[in-house]
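The values are calculated or read from the model by the stated rules, or taken from the named source; none is laboratory data. Remember, predicted model here, so these are calculated numbers, not experimental data. Backbone-built Cβ (ideal geometry, glycine too); neighbour counts: all protein chains shown. Only protein heavy atoms, including side chains, enter the accessible area calculation; ligands, DNA and RNA are left aside. Shrake-Rupley method; radii C 1.70, N 1.55, O 1.52, S 1.80 Å.
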Amino acid sequence: MINFQYLRTTTSKSALSLISKDKNAKFLAGGTNLIDLMKRGVATPEKLIDINHVPLKQIELVGDTIIIGALASNTAVAEHPLIKEKLPLLAMALNAGASAQLRNVATVGGNMMQRTRCGYFYDTEMPCNKRQPGSGCGAIGGFNRMHAIFGTSEKCIAVHPSDMCVALIALDAIVVLANPKGERKILFKDFHRLAGDTPQLDNNLKADEMIIRLEISVNQLAKNFHYLKVRDRASYAFALVSVAAALEISADHKITEVRLSMGGVAHKPWRLTASENFLKGKEASATNFEEAAKLAMKDAKGFGENDFKIRMAPNSIIEALTVATSKA
Amino acid sequence: MEKRILKDENDRVDGIFKVTGKAKYFAEYALPGLTYGVLVTSTITKGKITTLNTKAAEKAPGVMAVLSHLNKPSAPGYEQDGGSPLKIFYTDKIFYNGQPIAMVVANTFERATYAASLVEATYTKEQFNTDFDKAVADAKAKKLQGQPDYKRGVEDAYKTAEVKIEEKYHLPIETHNPMELHGMIADWRPNNQLTVYAKTQGVKATQGTIANVFKIPNENIRVNSEFVGGGFGMALRTWPVEIATIMASKYLGKPVKLMLTRMQMFTMVGNRPAAIQTIGLGAKKDGTLTGITHLAFGETSVYENFTEGVVNMAKFMYQCDNVNTQYTVVPVDLGVPIWMRGPGEATGAFALESAIDEMAHALDMDPLEFRIKNDPERDQQRNLPFSDKNIKEAYRIGAQKIGWNERKNKPGSLIEGQWKTGYGVSIGVFNANRGRASVKGILKADGSLVLQSATSDIGPGTGTGMTLIASKLMNIPADRITFELGDSSLPPAPSQGGSATLSTVGSAVNDVCVALKSTIAELAANANMDATSNFVEVLKKNNLPSVEMTKQSQAGKEREAYSMYSFSIHFVKVKVHGLTGVVKVDKIVSVGDSGTIISPKTARSQMVGGAVGGVGMALTEESVIDHRYGRYINNNFADYHVPVNADIPEIEVHFINKPDPYINPMGAKGMGEIALIGFSAAVANAVFNATGKRIRNLPITPDKILAST
């Protein structure tokens, strides 16, 4: 058998001390992705550090900041009254992900850390630069219906599979990381990476760091929001494309604030900054939504089977904005 | 095993076992000394094994043997040349990617799994093709055949018709994917006595195949398969991996268990073959069909041929004097397909029933009206009357229940915001088979009845149906009747396939009950009792603890005088999102026309299951292969999309519930296939009605809706 050591720790300090000693160690939280990767021979950690007993499950309001512990389950977050009231976009995105059974054990930190669902990544007989740098990209010229249209590289066109992260990037979340020396904070948009020349790296988490919590400022985006997930079946399917939209609309129907992001289109959750800039201060109208959607598609590139996303994505942006702004 | 008891007709004899975990499936038999087999599979698609290094695996902890073509474990039937099944361990040829090339047996599953990863193979590779579309394009020059061509009247009469259509329809590979993984436990004992715990739709067929391969008498082989966690056709044959498991047990003299992984379910136990079909239809302007041409290509493997009834329906389902069909199978370098629910008829019905809708549209007729206009009075293919057919009534019921009058004939007429609503209809039909089966009945003085037959219950409710037939005939409460099945030592019955079990085994239940009643009447007469005396009293008076008899039953001359089919009508209402292309099935109404309904609950359940499978076929299911490598891409439950609850709306099921006067003593016909056949076309037709977009390439995923103009 491929043996591995299983350790359980109850503090983040000891977790960090354990992981910094061993580069072949991995944290085990919900395990909904890591265990699959181990079964498929894609991940072969020598040490699993079970952090489920580290007290990082808090969901609370401190001042005007919402704090979400890295080990809060997806269900706990999605069902929490505070989240439902203040960050309904996040709750909606979470509930669009996976299945109820998976959400019950999957954690916030694990959701951020999950790896792509690209079929070539999972089949060790196939080429994949993310799994085995230098082996090539199976998806380019192969089955790439689920793959990226933005920010792709010649090395990798995989997408990040999360729904939660699409909402978090829109909400300008801050990720708090702990390391043996202390803590550091990074913007959610800087957490995940594009594939570039190092597709094996999904994010900027360092080897001796762990995700501790998220911090999200209370905002005025809880009324006009929508998370649209377009998929092949109504549950337990990854997004073809998804759109998170949240807006603040003035009494005269002007957009005073807007956040837009997409999933299923890039190696990381994809923020639509140009579209946001265009919409700010403008009227919430079909024409403006269409223009915003058009702006979002600048630089989109299809790879054959995923060409349809170049049509589906702007349509979905329009739909998400329309639904978000039609809430009374 | 506790007795399977039926409390009332809305119950299932095995329901309580299934929901409490007491139903024991093949993999759960914990035999003493059980060992575990894990397969090593080919990583190339075509060629030959040049070296196979098993040394590291053999030395790994707990490993007892590594079986391969190098040590050829004994299977005398495999020594002979010829024969088409893939002879695992008897060939170094590779026919498809993922083909089993070795089996590691160890004392734990984990150890066997690890050791299997240590086996190293090298190959000489050959050019291959797994792309069915390409194979069909290349096949035009070759002389391939599937089944004999059929012609009635003028060939390709549609070409000169007043109104004609000619369209091409594509179906991808679908994989059965029952919840229960496939496999077997084999326990080969000295003196060539073999017990197997199998996942099979036919214990007798499995027994026969094993006897043939291992050259031992049938009586030496006991096949147990009491509970099966879904088959859908994939357990209708004994697969090479099962033979390999028995070889391993014989080789080691120990019981061996093999259970496939979900990934291996895509490569070792068959699939619904891909198909490309062309339908030509011709009609007069008044809507009279004047020509049907149905040409089909079906996928098969290079090492074994597989054919099915893709073009059957075109020959008799509509009144039409000019019909011709052609069915050709084209090999690709993949594992051999097998029947999947509805089998070829479901494949064919997608094309035919879509085309019928297209023709109705071309004629500017309501498709329901067009169907009714061309509904045949007689079976023109066989020139016989139908034994029982109530399609017009089924159309009427279904149309009323779905709200067909809300439908507009002009596509894209019903729009609410971004959602477009449409209605579709289709028909399903399948031969009402009846085979030969034996049932033993044991009537006991304690008031109970035991019935035994080596049939199967892969989920439709065989035990329940049989119990209800006997209960009605014998006037014995259902909870005093036990129906035993899934054991090859019981009286013989055919495999559970082709919607024939209720008709076939049910008739034998009927016959044995009739015989038991007459025996009781004789015994009553002998004891000077009233002929209507209760059998308990009669047996007691005669000092008999029980009477038993076995009856074999089969169809007679009636099958030469009548054309016998089961029918279904499917009505579907869908909503299609204009911007995203998402299709939501909003309502389903299926009407079954299959004679008397024996068990209302399990009959409804069959239709519901077929509708769910039909939604999968129409909207979500497709096994994807990267043809550069010949390997499946989406071989898991996350990426191969069977419908989930959220995809399934309200399903209404109705039955005509009139006895077929000729088919069998119960007047009842099977419905496993008709529940699915045609369904996918009803969805495609509804999508067209909603959007004006005709998708001829299943599954109808959102991208296809957006791409279609």
Checked pairs for region B:26-53, first on the phi < 0 side of the Ramachandran plot, second buried (at least 19 other Cβ atoms within 10 Å of the Cβ) and of a type in the set (Asp, Glu), C-beta under 7 Å and 6 or more apart or across chains, list as B:LEU31/B:ASP187; B:THR45/B:ASP333; B:LYS46/B:ASP333
Out of (1) at negative phi; (2) open to solvent by less than 90 Å² (accessible area, probe 1.4 Å); (3) touching a residue at least 12 places away in the same chain (Cβ under 8 Å), the one B:ARG382 does not meet is (2)
Considering residues that are outside any loop (DSSP other than H, G, I, E, B), crowded, with 18+ Cβ neighbours inside 10 Å and either out of contact with any helix residue (DSSP H, G or I) (no Cβ under 8 Å at 6 or more places or on another chain) or of a type in the set (Val, Ile, Thr) (or both), the number found within region A:6-32 is 4
Open item on the list: Just to be sure before I move on: is A:ALA148 more than 14 Å from every other protein chain (Cβ to nearest Cβ), at pLDDT 95 or above, closer than 30 Å to A:THR322 by Cα and in a loop (DSSP other than H, G, I, E, B) in the structure I sent?
Closed with: yes
Among B:LYS142, B:LYS125, the single one that is more than 29 Å from the chain's Cα centre (by Cα), more than 14 Å from chain A (Cβ to nearest Cβ) and either among the hydrophobic types (A, V, I, L, M, F, W, C) or open to solvent by 70 Å² or more (accessible area, probe 1.4 Å) (or both) is B:LYS142
| request: Report whether or not A:SER153 is touching a residue at least 12 places away in the same chain (Cβ under 8 Å) and either touching a Phe, Trp or Tyr at 6+ places or on another chain (Cβ under 7 Å) or among the hydroxyl-bearing types (Ser, Thr, Tyr) (or both). | output: yes
Checked pairs for region B:664-690, first on the phi > 0 side of the Ramachandran plot, second of a type in the set (Phe, Trp, Tyr), C-beta under 9 Å and 6 or more apart or across chains, list as B:GLY678/B:PHE350
Practice task
Could you please let me know if B:ASN645 is open to solvent by 50 Å² or more (accessible area, probe 1.4 Å), modelled with pLDDT of 95 or more and within 14 Å of another protein chain (Cβ to nearest Cβ)?
Solution key: yes
- Query: Among the residues of region B:98-118, is any touching an Asp or Glu at 6+ places or on another chain (Cβ under 8 Å), open to solvent by 10 Å² or more (accessible area, probe 1.4 Å) and within 14 Å of another protein chain (Cβ to nearest Cβ)?
  - Reply: no
When (1) in a loop (DSSP other than H, G, I, E, B); (2) in contact with a helix residue (DSSP H, G or I) (Cβ under 6 Å, 6 or more places away or on another chain); (3) under 22 Å from B:ALA555 (Cβ atoms); (4) modelled with pLDDT of 95 or more are applied to B:LEU502, the one that fails is (1)
In region B:402-460, anything among the hydroxyl-bearing types (Ser, Thr, Tyr) and either in contact (Cβ under 8 Å) with a residue 24 or more places away in the chain or outside the structural domain of B:HIS654 (by TED's automatic domain parsing) (or both) is listed as B:THR421, B:TYR423, B:SER426, B:SER438, B:SER448, B:SER453, B:THR455, B:SER456
Filter region B:46-76 for residues that are in contact with a strand residue (DSSP E or B) (Cβ under 7 Å, 6 or more places away or on another chain) and within 14 Å of another protein chain (Cβ to nearest Cβ); the one that is nearest to B:LEU118 (Cα to Cα) is B:ALA57
Checking B:ALA524, B:ALA531, B:ALA508 in turn, the sole residue that is in the same structural domain as B:THR455 (by TED's automatic domain parsing), surrounded by fewer than 20 Cβ atoms within 10 Å (Cβ to Cβ) and either under 30 Å from A:SER316 (Cα atoms) or not basic (Lys, Arg) (or both) turns out to be B:ALA531
It is to be established whether one or more residues within region B:62-76 are farther than 18 Å from B:THR245 by Cα and open to solvent by 60 Å² or more (accessible area, probe 1.4 Å). no
- Is region B:293-311 home to any residue that is over 26 Å from the mean Cα position of the chain (by Cα), outside the structural domain of B:LEU181 (by TED's automatic domain parsing), surrounded by fewer than 21 Cβ atoms within 10 Å (Cβ to Cβ) and among the acidic types (Asp, Glu)? no
Quiz item: Would you call A:PRO127 within 12 Å of chain B (Cβ to nearest Cβ), in contact with a strand residue (DSSP E or B) (Cβ under 9 Å, 6 or more places away or on another chain) and over 27 Å from A:ARG233 (Cβ atoms)?
Solution: yes
Over region A:279-322, the set of residues surrounded by fewer than 21 Cβ atoms within 10 Å (Cβ to Cβ), more than 9 Å from chain B (Cβ to nearest Cβ) and part of a helix (DSSP H, G or I) is A:ALA286, A:THR287, A:ASN288, A:GLU290, A:GLU291, A:LYS294, A:LEU295, A:ILE310
Flagged in region B:185-216 as of a type in the set (A, V, I, L, M), touching a residue at least 60 places away in the same chain (Cβ under 8 Å) and not in a strand (DSSP E or B), in numbering order, are B:VAL203, B:ALA205, B:VAL213
Legend entry - Check on A:GLU257, open to solvent by 50 Å² or more (accessible area, probe 1.4 Å) and farther than 29 Å from A:MET146 by Cα: no
